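Here's the structure, in structure tokens; my notes come after.
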Amino acid sequence: MNRKTKIALTIGAIAGGIAIAFATPVVNLTSPLLSTATSASPLSSHGVTQIGTNDEYFNARFSTDGPSTVSVQDGAYGPGGQNGWHAHPGIVILTLVTGSIEWFDANCNHKIYNAGDAWTEGSQIHAFRVLGTTPAHFISTFIVSKGAALRIDKPAPACGSELGL
């Protein structure tokens with residue numbers, strides 16, 4: 001291995017260590033994976049249905065560009081729990097089974113989600129914290145490139161320190 005390669009690898013390792021050191025912690029989490037499966041080819045599907053007797057329709061579409069890993073996670077955060085600043089290298093579809101959370105985007109704009117709510121997340125940085133004394137219980141479906149991690153920890157944005165996240 002030449003000197004330039006060694007220097008580049010050393011700098012990469014230091015940068016990776018710094019990024020991990022500045023990542024925000026996940027607090028009070030239990031999250032077993034219920035299932036993980038892969039598809040060797042792209043996934044694609046769509047569904048369209050008429051709503052009632054009028055001319056309104058519901059249309060849903062989904063596709064990937066290549067081989068994928070699909071994982072289903074049963075996540076629970078206790079009171080005071082938070083999931084740290086992170087992003088996903090794909091899409092996550094979440095349903096909140098119990099509890100309430102306060103969800104934040106990269107600009108610290110927030111939204112409250114309660115039991116029975118559903119939403120999606122992706123490659124934009126975000127975080128949340130549990131509100132109240134009831135644990136937040138999620139069912140999450142991750143769709144990522146085959147073999148990719150389910151999440152990428154990120155440092156808190158400047159506004160995040162003001163929130164204590």
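The numbers here are math on the coordinates, done by the rules we state, and not lab data. Just so it is clear, the model here is predicted, and its values are computed rather than measured. Neighbour counts run over all protein chains shown; Cβ positions are idealised from the backbone, glycine included.
By the beta-carbon count within 10 Å of each Cβ, the least crowded to most crowded order of TRP103, TRP85, fewest first, is TRP103, TRP85.
Please state, rounded to one decimal and in Å, the Kirkwood hydrodynamic radius that segment 25-163 gives when every pair of distinct Cα atoms enters the mean of 1/r. All intermediate terms of the calculation are to be shown ahead of the outcome.
On the way: mean 1/r = 0.0613 Å⁻¹.
Value: 16.3 Å, from the Cα pair sum.
The modelled label-to-label distance between SER63 and LEU43, using points 7 Å beyond Cα along the C-beta direction, is 1.6 nm. Spacing of the modelled spin labels on ASP117 and SER145, each 7 Å from Cα toward Cβ, amounts to 3.1 nm.
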